[in-house]
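Structure in structure tokens, see below.
The values are calculated or read from the model by the stated rules, or taken from the named source; none is laboratory data. Keep in mind the model is a prediction, meaning the values are calculated, not measured. Here the Cβ positions follow ideal geometry from the backbone for every residue, glycine too, while neighbour counts run over all protein chains shown. We work out accessible area using only protein heavy atoms, side chains counted, and drop any ligands, DNA or RNA first. Shrake-Rupley method; radii C 1.70, N 1.55, O 1.52, S 1.80 Å.
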Amino acid sequence: MFRKAVAITIPKIAKNPNTFATFHVNLPKQENCKLYICAHSFYQILVNEKFISFGPARTAKNYARMDIIPLVLDKDENDLTIALTGYNCRCLSTVLQPMFLQAEVLSNNNIIAYTGKDFLAYTPFCKVQKTERYSWQRHYTEIWDFRNENIFSTANKAETCVVENAPKPIIRNAPYPNYSESLLTSSCSSGKLQFNESRPVRKNLFSGTMTDYWIRFNPNENPYNPHAWIQMQDQIKENNEQNLPITLQENCYAMFDFKRIETGFFKLCANVLDETELIIAFSETSTCDEFSFSNMNVHNVIQYNLKKGSIVDALSFEPYTVKYAIVAVKKGAIKLNTFGIKTYEYDTSAINIPNYNDETLNAVYRGGLRTFAHNAVDIYTDCPSRERAGWLCDSYFTAKTEFAISGKTSVEDDFLENYVLFNNEGEYPDGMIPMCFPSDIEESGKFIPQWSMWFILEVEEYVNKRKGKFPKEFFKDKIDGLLSFYAKYENEDGLLEKLPSWNFVEWSKANEWTQDVNYPTNFLYSKVLHSVYLLYGDENLLKKSIRIAQTATKQSFDGKLFYDHAIRSNEGKLALVKTDCSEICQYYAILFANVDILDTKYSYLLNLIKNTFGAVRKQIMDNIVEINAFIGIYLRLETLLKLKEYNLAIQDVKDFFGHMEQSTGTLWEYRQEKGSKDHGFASYVISVINNCIVNK
């Protein structure tokens, strides 16, 4: 794929956490130029100090997706800069491997520069290394010190070397992102800050336990802590809306309201009136009257240290998610000329947005489209903020959205290929795959066996319904490995029993009932076997699928409802737990166990589904645990589509999601005001709406 370029690195920093380097080459005026590039961890490409692109598309360990970026070299001399981070820490959004760069510039198909010959490397100190982790799932917070140098400095020239056993370049299938600008013309409020040590401070916001295994700096090593500082300030509001530019003195702030959630790179332009420490803090949930962080286990802060008399035109290195932001001057003074976001999202500009005779439905569709755009840049992600991680099961639903809006599987191609390229080096039991990927394994070796089942369901639809790029043979080894893993846990009845690690049915009390024999899991297993039959035609798997569905149905159904699990007694007998019944179990049975819900023996359950259950429960039933957002709402919608209850499905969509777009322009992780308000799987409602409108 590369004709001359070799993978290079800077040996003195290649494996250090949170490192930063720049690679430069001067190029004459050229036509029809393209940059071919592979790298790790992340890069920004700049030509003559102008941002061009961010990447790469993420993939499996020992592989690297190649981006092909058009370049405009229209000056007599052009500076091509590739700014590169090497995070070298474990997380859930990339794999742990050393930083490297492999790049080649072509003009009219002739090589004019390449790594290993033409690029000079530098290690500027402008990016502060010892900062706190942004989140457990991502890397480090950004703190920049431009008082002595800037990102384009050619001080600190570094020696490079060729990388041995470099990652293998592979092509990118996902479309390139949309970079547009959302610049604000005014603040929504401003005033002064006053230190108050009695204010409560939420420190070290991590969703998991941040041990040394994950690689972090000792908090005492961090020279700055903007996340704590901003929480310890009382805001004294003095002004409402003010047009830019705004002069901010020491201990002054300006609040900004983007009106809806945006995802991308913060853009800030300012005249620095005195040596300044400037902090940007941001949130999905706040107000214009007083800034507050989202309750989502992230450190939503960026700090810039700026030189007096300079003019700063800064773009954050990584993309973030924001609705409200505060720009605060801890020290010094600036004249803030520009503030906003350069977007980083799937390009939806060519997608025709339908106009239904229902404004709530229109709003949900718009919110779903923006949510998808934020969560389908290089892979399907759960959220563009806290994690940017590629979870299975989430992807089953998001994939339906991509195909519904584009008729293509471009992002799904890369997402699924990553899992096929995953090489189990002993982190997991034989045959098992990660629950999210690219990622690093948790210390406990945690995986979700059910998520691997959703992988198989997605592959079957990808191959047979969406006709994706990769044929069924491409997935066979991974699927065979999973089937071998499941078979080890089949009991005397052929049902899965005591599956290991983190068993997940949904975020409700139903997830407390995953042992010993969990019937939702076994209904899903029946569907898995049927899906593999549809892929490869193995009649034995079809028979086994039917047998498991019948056995699980017989054991769990009491004539009215399906119960969630059975427990093995000390005497070795399996007994159904008649106190543990969930709404989600009913949907697993209907969707995956080939249950004919229209049979009169299921009339009680059918009546509940149509008249009592719902996205918003119509009647309290203490004996049946209500569904939660994920995956309960989504399996209910799938069930209503299967039953051709299109009016009910539309009503559920409006009841559950209707208020979200009006609030944030996106769709949320939960129905409540918590978690991510921009969650990829929620975009699935577009597929539901399309199905209902077409079939009604």
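Which entries in the list Lys4/Lys408; Lys476/Lys573; Lys554/Lys642; Lys259/Lys335; Lys578/Lys601 go over 28 Å, if you measure between the two C-alpha atoms of each?
With Cα atoms farther than 28 Å apart: Lys4/Lys408; Lys476/Lys573.
Restrict the search to the range 61-152; then list the trypsin sites (Lys or Arg not before Pro) that DSSP places in a loop and that have at most 15 other Cβ atoms within 10 Å of their Cβ. Please list the in-between numbers first.
Values: sites: Lys61, Arg65, Lys75, Arg90, Lys117, Lys127, Lys130, Arg133, Arg138, Arg147; in loops: Lys61, Arg90, Lys117, Lys130, Arg138, Arg147.
Hits after loop and neighbour filter: Lys117.
How big is the range 224-318 by Rg and Dmax over its Cα atoms, in Å?
13.6, 38
By how many degrees, between 0 and 90 and to the nearest 10, does the Cα long axis of helix 519-536 differ from the longest principal axis of the chain?
So the helix axis and the longest Cα principal axis differ by about 80 degrees.
Now, a different point. Give me the orientation-averaged projected area of the Cα convex hull of the range 454-506, in nm², one decimal.
Average projection, Cα convex hull of the range 454-506: 4.9 nm².
While we're on this one: For the chain, what is the accessible area per residue in Å², given a 1.4 Å probe and the full set of protein chains?
38 Å²
Which of the aspartates and glutamates could a cross-linker bridge to Lys498, judged by Cα under 15 Å and excluding same-chain residues fewer than eight apart?
Hits, sequence-local ones excluded: Glu490, Glu512, Asp516, Asp564.
So which chymotrypsin sites (Phe, Trp or Tyr not before Pro) in the range 214-286 end up in coil per DSSP with only 16 or fewer other C-beta atoms within 10 Å?
The qualifying sites are Phe217.
Please report the antiparallel percentage of the DSSP beta bridges confined to the chain, to the nearest 5.
Roughly 95 percent of the DSSP beta bridges within the chain come out antiparallel.
Follow-up question, since we're still on this one. Would you mind telling me the share, in percent, of accessible area of the chain contributed by carbon and sulfur at probe 1.4 angstrom?
Reported share for carbon and sulfur atoms: 45 percent.
Roughly speaking, what is the centre-to-centre gap between the range 601-631 and the range 63-108 when only Cα atoms are used, to the nearest Å?
Computed from Cα coordinates, the inter-centre distance equals 51 Å.
Now for a separate question. Express in nm, to one decimal, how much length is gained between Asn611 and Asn218 on full extension, taking 0.36 nm for each residue of separation and deducting their alpha carbon distance.
So the extension gain works out to 135.9 nm.
Another question about this same structure. Tell me which aspartates and glutamates have Cα within less than 20 Å of Lys130's Cα, excluding those fewer than 8 residues away on the same chain?
Leaving aside aspartates and glutamates fewer than 8 places away in the same chain, those within reach of Lys130 are Glu142, Asp145, Glu149, Asp212, Glu221, Glu277, Glu318.
Helix 539-556 versus the longest principal axis of the chain: what angle, 0 to 90°, nearest 10, using Cα atoms?
Between helix and principal axis, roughly 80 degrees.
Tell me the angle of helix 646-657 to the major Cα principal axis of the chain, expressed in degrees between 0 and 90 and rounded to the nearest ten.
On a 0 to 90 degree scale, this one is about 40.
Would you kindly calculate the mean projected area, averaged across all directions, of the convex hull enclosing the Cα atoms of the range 88-186, in square nanometres?
Mean shadow area of the hull around the Cα atoms is 10.8 nm².
How are the Cα pair distances of the range 167-215 distributed, in percent, across 5 Å bins from 0?
Per 5 Å bin, starting at 0, the Cα pair percentages come out as 4, 9, 7, 8, 9, 11, 21, 14, 7, 5, 4.
Can you tell me the Rg and Dmax of the chain, counting just the alpha carbons, in angstroms?
26.5, 85
For a quick check of your reading of the filter: which GluC sites (Glu not before Pro) in the range 41-140 sit in a DSSP loop and have no more than 13 other Cβ atoms within 10 Å? Spell out each step's value before the answer.
Numbers: sites: Glu49, Glu77, Glu104, Glu132; in loops: Glu49, Glu132.
Loop-located and lightly packed - Glu49.
Further, regarding this structure: Taking the highest mean first, how do the peptides 483-494, 387-398 order by number of other beta carbon atoms within 10 angstrom per residue?
Highest to lowest by the protection proxy: 387-398, 483-494.
With a bin width of 10 angstrom, please list the P(r) values of the range 1-158 as percents of all Cα-Cα pairs, from the 0 bin to the one holding the largest distance.
Reading the bins upward from 0: 11, 41, 35, 12, 1.
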